[in-house]
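Below: one structure, written as structure tokens.
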2 protein chains.
Amino acid sequence: MSGIVTAGADLFAQALTDQAVPVTRVDWQPPMPGTADDLIAVAADPLRTDANEKAAAAMLAVQATLVDVAPASEVLGLERGQFLHAGPPIEWERASGPLRGALMGAAALEGLVADPEEAAGLFGAGDLSLEPCHHHGTVGPMAGVVSPSMWMFVLEDQASGRRTYCSLNEGLGKVLRYGAYSPDVLERLRWMSSTLGPLLATAVQRVGPVDVTGILAQMLQMGDEAHNRNRAGTLMLLRDLAPALVETAVESGFDAGFNNREVAQALSFIGGNDHFFLNLAMPACKLALDAARDIPGSTMVVAMARNGTDFGIQVSGTGDEWFTGPAQLADGLFLGDYGPEDANPDIGDSAITETAGIGGFAMATAPAIVRFVGGTVPDALATTRRMHEITLTENSRWAIPVLDFAGTPTGIDVTAVCRTGILPQINTGMAGKQAGVGQVGAGLVTPPAEIFPKALAALAQQSATRLPGTERTVAP
Amino acid sequence: MSGIVTAGADLFAQALTDQAVPVTRVDWQPPMPGTADDLIAVAADPLRTDANEKAAAAMLAVQATLVDVAPASEVLGLERGQFLHAGPPIEWERASGPLRGALMGAAALEGLVADPEEAAGLFGAGDLSLEPCHHHGTVGPMAGVVSPSMWMFVLEDQASGRRTYCSLNEGLGKVLRYGAYSPDVLERLRWMSSTLGPLLATAVQRVGPVDVTGILAQMLQMGDEAHNRNRAGTLMLLRDLAPALVETAVESGFDAGFNNREVAQALSFIGGNDHFFLNLAMPACKLALDAARDIPGSTMVVAMARNGTDFGIQVSGTGDEWFTGPAQLADGLFLGDYGPEDANPDIGDSAITETAGIGGFAMATAPAIVRFVGGTVPDALATTRRMHEITLTENSRWAIPVLDFAGTPTGIDVTAVCRTGILPQINTGMAGKQAGVGQVGAGLVTPPAEIFPKALAALAQQSATRLPGTERTVAP
């Protein structure tokens with residue numbers, strides 16, 4: 001980051017000035033080009049205020065609990081030849097390298113081909129089915145590929161019975177979700193299906209629902225923003241499941257017959273992967289946001305997702321429609337000898353964390369992240385402050401200690417984004433653009449600006465149908 | 001806290017002013033009464049500058065690793081009838097309620113009496129031996145009582161071979177270290193000796209030395225200040241030992257013959273006690289500070305410890321001499337119906353954490369603590385800033401994210417305390433003043449001011465022996 005924008009005069013701008021950080025004070029800035037009329041139309045929508053209050057309240061009321069771990073074939077009904085992916089819908093022809101790589105690896109994992117390279121032809125010919133995770137109550141980090149044999153976390157909001165799903169996290173580096181598909185990648189996935197998934201399933205059944213929303217609250221007080229940093233969350237999950245994992249192995253009636261060496265292996269795998277909890281944070285966020293869907297007049301974003309080619313958002317008041325634009329390249333740091341020329345544009349459903357007010361929105365609580373991707377501590381604090389400008393509310397349950405326990409800025413308002421030009425800040429990993437490479441870095445990224453005016457236009461059109469004396473543009 | 005004192009004009013004072021916190025800017029304040037001459041004498045000591053550099057460097061170079069877990073009888077050579085306690089030396093007659101309670105419980109634990117109440121007579125008659133933990137390379141939280149059958153963490157600085165020791169943490173509430181000695185307290189201690197200690201010993205032997213100094217660095221980035229909050233540290237220890245705990249139980253050659261239910265019990269016990277890691281943080285701090293002992297001319301504090309009656313410090317340049325004054329009452333919050341009238345004065349060796357630059361000195365990284373004891377986030381930041389005024393250096397290995405990764409203020413300088421009148425800030429638990437009660441609260445406390453001028457006078461006397469043309473006050 002080369003500078004910081006602050007809106008309004010406040011303590012923070014003063015603090016930055018004192019630290020000689022270049023600061024631009026912005027008390028007002030023009031709306032995004034071409035949005036003036038739509039902003040007026042949406043502002044006049046008689047449903048808007050109540051709809052947004054209802055959307056925010058519904059989101060904040062959700063308590064996500066981990067209730068089961070089970071194969072995608074079972075809980076999502078995925079059949080042989082069906083694959084899910086991150087982001088808005090896309091066909092093989094337009095799919096990026098990491099998405100193609102992950103699909104090729106998953107096809108081999110499912111036994112559809114002997115060699116992942118053979119899978120390209122099948123996908124190209126349209127012989128295999130491709131659908132977004134989001135269309136199946138699911139979210140997936142990076143390529144986000146889900147195939148029938150993969151084991152899924154099952155999260156439930158016990159008050160509503162609503163459920164969401166996410167695969168188990170493989171770790172960092174050469175992993176399927178970053179587009180790698182070498183034999184060791186597939187071997188790890190097979191172990192996750194044969195051993196890790198079943199072991200976690202018995203532990204969760206034994207221990208009862210795990211309060212994921214509650215762990216997220218604790219994490220935010222422990223330096224995790226729950227997108228690029230999930231260390232404390234992973235440790236708390238391990239703490240909650242470890243005794244049950246050990247107890248299952250000793251019971252004579254335990255059918256799967258795992259021994260202690262396999263339990264120890266599972267404990268080491270989880271404890272050795274600081275990102276393990278990400279795959280619980282994401283479906284917890286989706287569960288909260290799904291409660292806010294389909295509220296007529298609400299301008300709240302309920303999903304931000306990328307497939308490696310397109311960045312798409314869905315908005316509460318506009319149902320399942322995706323508003324898309326080109327995925328951007330992240331700005332950050334690269335692993336080893338990799339550089340910007342090796343990186344694929346932004347990919348993954350993980351921006352669901354920012355949509356729910358954590359990740360980049362909670363940067364103030366995780367200065368280690370912003371330093372990791374090349375920023376400074378004041379940048380981290382300023383980012384969270386700035387996100388308050390484009391959100392409907394604060395999540396008091398998810399509080400940030402250093403901001404005097406202020407809640408995270410939550411519920412992105414399409415009108416606020418268009419009015420201020422401030423884009424949501426997303427923390428992200430970077431996949432290599434060539435299929436098979438894996439992770440090349442991590443950094444900061446924003447959505448393409450154009451998708452917010454697109455969503456605003458759709459909201460304006462709906463609003464027009466509700467305004468007395470305005471010509472209806474939609475058949476009654 | 002009713003206000004904040006800042007020294008010098010800086011960003012932080014400005015930030016506090018902006019937030020309407022009462023701020024007193026102090027560019028200079030008079031030295032503690034009666035210290036002017038001694039300050040001049042010590043300042044003139046030709047050894048002082050080099051000695052303090054050497055002390056600080058020695059302290060910062062120590063890498064504390066957990067290398068073993070074993071009974072006190074074995075590693076400390078404690079025999080039947082020998083007891084260690086927190087703080088400077090004290091006799092039974094002057095011992096406070098919680099120290100008496102812990103000693104009575106320990107006597108019953110060792111089988112010296114059937115009922116803890118009978119032990120008072122034995123201690124009163126001088127039939128049992130009482131010595132400070134610090135005189136045996138050991139530290140103990142609160143009453144800090146160690147008896148032969150208790151299992152101890154053994155920490156080692158592998159470069160020097162120097163070792164320190166600490167008992168295992170029992171949890172909160174009704175526990176021996178807070179002076180409770182009811183049957184459930186003793187039963188828990190027996191389980192810790194029969195099961196927890198041996199299990200941890202085999203796990204540590206299996207996993208190899210655990211890098212405690214490294215875990216401390218991580219904790220400080222996860223909201224722990226490692227005195228009143230040790231949650232992340234406890235979780236990381238659990239992560240590092242859990243697989244080995246599980247593996248030990250499966251090995252046919254494992255003599256102790258523990259089963260998985262006992263392993264699960266141990267995992268639950270550690271995971272259920274956020275303070276478990278405190279008993280590793282404390283000996284790691286002592287190990288660092290012991291490396292700085294006995295350097296002629298050094299004005300650095302190498303121990304702060306309280307026995308519930310007296311608060312004592314030891315200083316590098318003055319060897320094993322204790323400078324003592326009355327332990328103070330902490331200011332904080334009380335559990336349940338307890339109030340200030342129920343609290344014992346400050347007790348425990350745990351102020352070794354502040355002596356090494358964490359605990360209260362690292363308050364900025366743990367705003368949750370200061371809020372818990374009734375303060376605010378600016379208080380937390382100001383406390384760490386203030387401790388820089390009385391310390392020799394920063395520990396860059398133990399960095400505080402929100403202060404732009406500045407190292408913790410480390411190495412309390414007796415001359416700086418006397419010159420500024422700023423007292424070290426200590427976070428602490430509060431024991432009930434009646435033997436048997438247990439914990440009644442937690443809060444903030446400082447040492448009695450008078451002990452620093454006492455130490456300064458001793459340093460001045462030594463300095464005088466080294467000044468050319470000054471009458472020697474010590475025989476050559």
**OP:** Give the number of residues within the range A:240-249 that are more than 8 Å from every other protein chain (Cβ to nearest Cβ) and modelled with pLDDT of 95 or more.
**Re:** 1
Original post:
over 18 Å from the mean Cα position of the chain (by Cα) and under 22 Å from residue B:267 (Cβ atoms) - does that describe any residue in the range B:160-174?
Top reply: yes
Original post:
Mind checking whether some residue in the range B:337-348 is buried (at least 24 other Cβ atoms within 10 Å of the Cβ) and over 18 Å from residue B:228 (Cα atoms)?
Top reply: no
Original post:
Hey, does the range A:204-218 have a residue that's part of a helix (DSSP H, G or I), within 9 Å of chain B (Cβ to nearest Cβ) and modelled with pLDDT of 95 or more?
Top reply: yes
**OP:** Taking residue B:117 as the residue in question, decide whether it is closer than 16 Å to residue B:73 by Cα and without any contact (Cβ under 8 Å) to a residue 60 or more places away in the chain.
**Re:** no
Original post:
Restricted to the range B:202-229, and to residues that are among the β-branched types (Val, Ile, Thr) and surrounded by 19 or more Cβ atoms within 10 Å (Cβ to Cβ), which residue is farthest from residue A:231 (Cα to Cα)?
Top reply: B:202
Original post:
When you look at residue A:237, is it within 14 Å of chain B (Cβ to nearest Cβ) and under 30 Å from residue A:58 (Cβ atoms), yes or no?
Top reply: yes
Original post:
Which residues, counting only those in the range A:423-439, are in contact with an Asp or Glu (Cβ under 9 Å, 6 or more places away or on another chain), of a type in the set (A, V, I, L, M, F, W, C) and surrounded by fewer than 24 Cβ atoms within 10 Å (Cβ to Cβ)?
Top reply: A:437
Original post:
Taking the range B:252-274, which residues are in contact with a Pro (Cβ under 6 Å, 6 or more places away or on another chain) and either at the interface with chain A (Cβ under 7 Å from one of its Cβ atoms) or modelled with pLDDT of 90 or more (or both)?
Top reply: B:264, B:267, B:268
Original post:
Hey, residue B:388 hits all of (1) without any contact (Cβ under 8 Å) to a residue 40 or more places away in the chain; (2) closer than 22 Å to residue B:283 by Cβ but one; which does it fall short on?
Top reply: (2)
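Being in a helix (DSSP H, G or I) and out of contact with any helix residue (DSSP H, G or I) (no Cβ under 9 Å at 6 or more places or on another chain) is the filter here; which residues of the range A:340-385 pass it?
A:340, A:341, A:342, A:372
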Subject >> Which listed residue, of B:188, B:177, is of a type in the set (D, E, K, R), out of contact with any strand residue (DSSP E or B) (no Cβ under 7 Å at 6 or more places or on another chain), within 26 Å of residue B:97 (Cβ to Cβ) and without any contact (Cβ under 8 Å) to a residue 60 or more places away in the chain >> reply: B:188
Original post:
Limited to the range B:126-160, what total is found for residues that are at pLDDT 95 or above, farther than 21 Å from residue B:437 by Cα and part of a loop (DSSP other than H, G, I, E, B)?
Top reply: 9
Original post:
Hey, does the range A:231-252 have a residue that's surrounded by fewer than 24 Cβ atoms within 10 Å (Cβ to Cβ), touching a Ser or Thr at 6+ places or on another chain (Cβ under 8 Å) and under 25 Å from residue A:157 (Cβ atoms)?
Top reply: yes
Original post:
Got at least one residue in the range B:324-331 being among the polar types (S, T, N, Q), within 19 Å of residue B:293 (Cβ to Cβ) and not in a loop (DSSP other than H, G, I, E, B)?
Top reply: yes
Original post:
Just checking, how many residues over the range A:319-352 are of a type in the set (Val, Ile, Thr) and more than 18 Å from residue A:299 (Cα to Cα)?
Top reply: 1
**OP:** Determine which member of the set A:69, A:75, A:23, A:62 is modelled with pLDDT under 95, more than 20 Å from residue A:419 (Cα to Cα) and either buried (at least 18 other Cβ atoms within 10 Å of the Cβ) or of a type in the set (Gly, Ala, Ser) (or both).
**Re:** A:23
Subject >> Residue, nearest to the other protein chains (Cβ to nearest Cβ), within the range B:393-413, restricted to residues that are buried (at least 22 other Cβ atoms within 10 Å of the Cβ) and over 19 Å from residue A:381 (Cα atoms) >> reply: B:398
Original post:
What about residue A:313, is it more than 14 Å from every other protein chain (Cβ to nearest Cβ) and in a loop (DSSP other than H, G, I, E, B)?
Top reply: no
**OP:** Among the candidates B:98, B:116, B:141, single out the residue that is buried (at least 24 other Cβ atoms within 10 Å of the Cβ) and more than 25 Å from the chain's Cα centre (by Cα).
**Re:** B:116
**OP:** Quick one: residue A:372 ticks every box in (1) in contact with a Lys or Arg (Cβ under 9 Å, 6 or more places away or on another chain); (2) buried (at least 20 other Cβ atoms within 10 Å of the Cβ); (3) of a type in the set (A, V, I, L, M, F, W, C) except a single one, so which number is it?
**Re:** (2)
Subject >> the range B:452-476 residues that are farther than 28 Å from residue B:425 by Cα, paired with ones that are of a type in the set (Ser, Thr, Tyr) and modelled with pLDDT of 95 or more (beta carbon under 6 Å, 6 or more apart) >> reply: none
**OP:** Mind counting the residues in the range B:61-113 that are in contact with a Lys or Arg (Cβ under 7 Å, 6 or more places away or on another chain) and outside any helix (DSSP H, G or I)?
**Re:** 4
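The values are calculated or read from the model by the stated rules, or taken from the named source; none is laboratory data. These figures come from a predicted structure and were not determined experimentally. Here Cβ is always computed from backbone atoms with ideal geometry, including for glycine, and neighbour counts include all displayed protein chains.
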